[in-house]
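Quick notes on the structure that follows.
The values are calculated or read from the model by the stated rules, or taken from the named source; none is laboratory data. As the structure is a prediction and not an experimental result, all values here were calculated from the model. Note that each Cβ is placed from the backbone with ideal geometry, even for glycine, and that neighbours are counted across all protein chains shown. We work out accessible area using only protein heavy atoms, side chains counted, and drop any ligands, DNA or RNA first. Shrake-Rupley method; radii C 1.70, N 1.55, O 1.52, S 1.80 Å.
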Amino acid sequence: MILINDQIISPILVKSLQELNVPVIKQGNSSEMPDGDFFSIINEHQKILTNSESCLALLESYAPNSVQNRWSKQLKDKGMFRQILSKMYPDYFYKVVNLDELFNIPVEEIPFPVVIKPSKGYSSVGVYKVKSADEWQDAIHKLSVDLLVIKNMYDNEVINGESILIEQWVFGEEYAVDCYYDHNGNPVILNIFKHLFKDEYDTSDRIYYTSKQVIHEIYDDILAFMHKFREVVPLKNFPIHFEVRKNNHGIIPIEMNPLRFAGAGTTDLGFYAYGCNVYKHYFEGTSPNWEEVLRQMDQGIYGFFCAEIPMDISQNLIKHIDHQSFKEQFNQILEYREIQATNDRTFAVVFFKNETMEELYQLLQMDIRPFIALKEMEHSRER
């Protein structure tokens, strides 16, 4: 079955659902909630996919004792996830605290550099890299402000600031993976993207890209990690989106997002780059033929750009977005998706193709603000 939140939905997913014979449950208000008997068919062999982390609330409400819900809760919570991974990475530093404890923790106890973020989080909201003790107070203040700003924007299942994760900063290049474990527990890799950052402090999700080179440089490591992870967490028929960092010591996972692929439909980058329909592969139990994929891929660089409203701009103050001018910043657009969601700051997802990395870095440095028109504010005259 697939649990759908239609505020941000992929056109490729919609078309695939018309062809796939799987039950579809739409997340809505309480009057639209499905009959609880529908969830009674869930067992350990049931394939479940969501297109939004907010849909995990349906599992918690209607199938709280299911294997899928149990593993989802443990993987989604970054603190619990770190506890699970401690068997694989015993020397990795992490600590889970509440917001009050965060402000009172002795700074000399923190092995900088570290990252702080909500234990339950989404995208890059509330994620800060802290290099030294001098930056600590500023970072935790920014995090607390972020939590206030998004308090009524996301469901608790998506972002919850009740607990904060402090963890070791992992140096290296970052990759995102869409995958699933099949009915026998075998890992199947569907997508591999690379995360582009503009500087060492950047934690945004603005640009991910893929290419033949990206797949070559990390595929074997990802597959090896998935086999080892399966020994710790015995998943079956389970889709996952996760991110890792790779350095000279190997790879270390950053986070793991259960029962979904890359958010806001960005998983479709693989469809444009090498024809991978993740929805069909998962429900039909198939895998891309990666040798064939790499043979047929061209030398282009395929990416997606998540255009987000800056955190210091209230969505209520936005008059309109100049989508046409924004489109003109890209050399070759494969698809432009306007996003109109009340619970997300993304206003567009752009799938594009470039020939050089220089073009991606130019997009990474782009200032979004000129494309956002604000409503005129009335000011009272001084007397």
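Structural remarks
- Taking first residues from segment 192-209 that are farther than 11 Å from CYS306 by Cβ and partners that are among the polar types (S, T, N, Q) and part of a strand (DSSP E or B), the Cβ contacts under 9 Å between residues at least 6 apart in sequence or on separate chains come to ILE192/THR210; PHE193/THR210; LYS194/THR210; TYR209/ASN354.
- Check on GLU359, in a loop (DSSP other than H, G, I, E, B) and out of contact with any helix residue (DSSP H, G or I) (no Cβ under 9 Å at 6 or more places or on another chain): no
- Selection of first residues in segment 243-270 that are within 21 Å of LYS228 (Cβ to Cβ) and of second residues that are assigned to a strand (DSSP E or B) and aromatic (Phe, Trp, Tyr), restricted to Cβ pairs under 6 Å at least 6 apart or on distinct chains, gives the following pairs, ordered by first then second residue: VAL244/TYR175; PRO253/PHE242; MET256/PHE242.
- In segment 319-347, the qualifying residues are those that are open to solvent by 30 Å² or more (accessible area, probe 1.4 Å) and among the hydrophobic types (A, V, I, L, M, F, W, C), and the one that is farthest from ILE372 (Cα to Cα) is LEU334.
- Matching entry among LYS76, LYS95, LYS26 (being of a type in the set (Lys, Arg) and touching a Lys or Arg at 6+ places or on another chain (Cβ under 7 Å)): LYS76
- Filter result (part of a strand (DSSP E or B) and open to solvent by 30 Å² or more (accessible area, probe 1.4 Å)) within segment 164-189: GLN168, GLU173
- Counted residues, segment 8-25 - those being under 17 Å from VAL350 (Cα atoms) and open to solvent by 20 Å² or more (accessible area, probe 1.4 Å): 4
- Note on segment 67-93: residues that are under 25 Å from PRO113 (Cβ atoms), part of a helix (DSSP H, G or I) and open to solvent by 30 Å² or more (accessible area, probe 1.4 Å) amount to 2.
- Qualifying positions in segment 101-152 - in a loop (DSSP other than H, G, I, E, B), at pLDDT below 90 and surrounded by 13 or more Cβ atoms within 10 Å (Cβ to Cβ): GLY121, TYR122, SER123, SER124, VAL125, GLY126, VAL127, ILE150
- Candidates VAL158, VAL96 - the one that is modelled with pLDDT under 95, in a loop (DSSP other than H, G, I, E, B) and either open to solvent by less than 10 Å² (accessible area, probe 1.4 Å) or not small (Gly, Ala, Ser) (or both): VAL158
- Where strands (runs of 3 or more DSSP E) fall entirely within segment 288-345, those with at least 3 residues that are touching a residue at least 24 places away in the same chain (Cβ under 8 Å), over 17 Å from ASP367 (Cα atoms) and touching a Leu at 6+ places or on another chain (Cβ under 9 Å) are at 301-308.
- Tallying residues that are touching a Pro at 6+ places or on another chain (Cβ under 7 Å) and under 19 Å from GLU174 (Cα atoms) within segment 226-242 yields 3.
- Any chance ALA63 is more than 20 Å from VAL244 (Cβ to Cβ), small (Gly, Ala, Ser) and surrounded by 14 or more Cβ atoms within 10 Å (Cβ to Cβ): yes
- Qualifying residue in segment 277-296 (condition: hydrophobic (A, V, I, L, M, F, W, C), closer than 28 Å to ALA341 by Cβ and modelled with pLDDT of 95 or more): yes
- Looking across segment 250-280, the residues that are surrounded by fewer than 20 Cβ atoms within 10 Å (Cβ to Cβ) and either in contact with a Cys (Cβ under 9 Å, 6 or more places away or on another chain) or over 25 Å from SER204 (Cα atoms) (or both) come down to GLY275, LYS280.
- For segment 195-224, residues that are at pLDDT 95 or above, open to solvent by 10 Å² or more (accessible area, probe 1.4 Å) and more than 17 Å from the chain's Cα centre (by Cα) total 10.
- Against the criterion of being out of contact with any strand residue (DSSP E or B) (no Cβ under 9 Å at 6 or more places or on another chain) and over 30 Å from ILE140 (Cβ atoms), GLN27 does not qualify.
- ILE372 being under 30 Å from MET1 (Cα atoms), among the β-branched types (Val, Ile, Thr), surrounded by 11 or more Cβ atoms within 10 Å (Cβ to Cβ) and in contact (Cβ under 8 Å) with a residue 40 or more places away in the chain: no
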